[in-house]
Ligand code: CDP
Ligand code: CDP
């Protein structure tokens with residue numbers, strides 16, 4: 001099989017990272033969760049007192065962007081590529097509600113997007129990558145070999161995220177999870193720079209009634225039928 005770039009986009013908690021991780025394992029590709037990069041920048045801004053309510057102190061954050069080290073390291077124990085912020089593994093911290101509640105505000109700043117898109121394109125320069133996010137098929141890799149747009153009902157997505165959060169040290173209430181998912185989907189779809197939308201040439205996959213394995217099988221079939 002030729003080397004591919006695979007882009008997976010969709011609304012919050014549709015199972016993008018789960019699918020991307022399984023697919024990368026199956027193909028021996030690199031998996032990059034681009035959302036974790038936006039989350040790491042948000043964590044940095046929070047930890048350095050640059051966020052007050054809905055206000056981001058851009059004058060302080062933007063000049064520092066190029067000096068913030070955000071990278072991934074493979075963890076054989078968890079079988080995933082984990083996110084590091086200035087040398088610290090922040091894989092768990094970036095999933096906390098405090099970060100989730102600010103990340104879409106950070107992600108709508110054009111300079112933040114330009115900076116992270118550049119890093120993401122570098123990671124894909126040798127192909128053999130599965131990247132998931134919101135604008136991978138539309139902006140980061142508009143020429144991706146395969147674009148998947150995942151969807152599931154809002155109710156199913158909230159249930160999934162809530163169950164996932166129950167397993168963490170900082171669980172949130174179901175109401176909080178629903179409100180956060182809805183608010184992020186709203187901001188992500190309506191922002192000016194590369195809003196979340198299905199690329200015209202993306203394949204829509206609804207996994208509302210599918211398990212992660214069934215979703216993987218469906219996408220592997222699509223890959224088998226790609227032009228050689
Ligand atoms: O996994 P979950 O659906 O909670 O979100 P995520 O993939 O971790 O992304 C967190 C947030 O980062 C999203 O709600 C977007 O605001 C932003 N994001 C983005 O703008 N563009 C991307 N390519 C990936 C994430
Ligand atoms: O990355 P994104 O926010 O789109 O979702 P995720 O973090 O990959 O998945 C959210 C939760 O949904 C995880 O706990 C998955 O195990 C679960 N799930 C799934 O990913 N795919 C299904 N078909 C069913 C459940």
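The values are calculated or read from the model by the stated rules, or taken from the named source; none is laboratory data. As the structure is a prediction and not an experimental result, all values here were calculated from the model. Positions of Cβ are generated from backbone atoms using ideal geometry, with glycine treated the same way; all protein chains shown enter the neighbour counts.
Residues checked against (1) within 10 Å of ligand 2 (Cβ to nearest atom); (2) farther than 23 Å from residue 22 by Cα; (3) out of contact with any strand residue (DSSP E or B) (no Cβ under 6 Å at 6 or more places or on another chain):
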| site | (1), (2), (3) |
| --- | --- |
| 126 | no, no, yes |
| 176 | no, yes, yes |
| 190 | no, yes, yes |
| 209 | yes, no, yes |
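State yes or no: is residue 94 within 14 Å of the chain's Cα centre (by Cα), over 15 Å from residue 188 (Cβ atoms), at pLDDT 95 or above and part of a helix (DSSP H, G or I)? Walk me through it before giving the result.
On the way: within 14 Å of the chain's Cα centre (by Cα): yes; over 15 Å from residue 188 (Cβ atoms): yes; at pLDDT 95 or above: yes; part of a helix (DSSP H, G or I): yes.
The answer is yes for residue 94.
Is there a residue in region 98-118 that is near ligand 1 (Cβ under 10 Å from one of its atoms) and part of a strand (DSSP E or B)? No, region 98-118 has no match at all. Of all residues in region 43-56, at least one satisfies being within 16 Å of ligand 1 (Cβ to nearest atom), outside any strand (DSSP E or B) and within 18 Å of the chain's Cα centre (by Cα).
Mind checking whether some residue in region 177-186 is in contact with a helix residue (DSSP H, G or I) (Cβ under 8 Å, 6 or more places away or on another chain), part of a loop (DSSP other than H, G, I, E, B), surrounded by 15 or more Cβ atoms within 10 Å (Cβ to Cβ) and without any contact (Cβ under 8 Å) to a residue 60 or more places away in the chain? Checked against the condition, which is being in contact with a helix residue (DSSP H, G or I) (Cβ under 8 Å, 6 or more places away or on another chain), part of a loop (DSSP other than H, G, I, E, B), surrounded by 15 or more Cβ atoms within 10 Å (Cβ to Cβ) and without any contact (Cβ under 8 Å) to a residue 60 or more places away in the chain, region 177-186 yields no hits at all.
Considering (1) part of a helix (DSSP H, G or I); (2) free of Cβ contacts under 8 Å to residues at least 24 places away in the same chain; (3) touching a helix residue (DSSP H, G or I) at 6+ places or on another chain (Cβ under 8 Å), the lone condition that residue 219 does not fulfil carries the number (2). Within the set 147, 198, 159, 125, the sole residue that is part of a loop (DSSP other than H, G, I, E, B) and closer than 18 Å to residue 10 by Cβ turns out to be 198.
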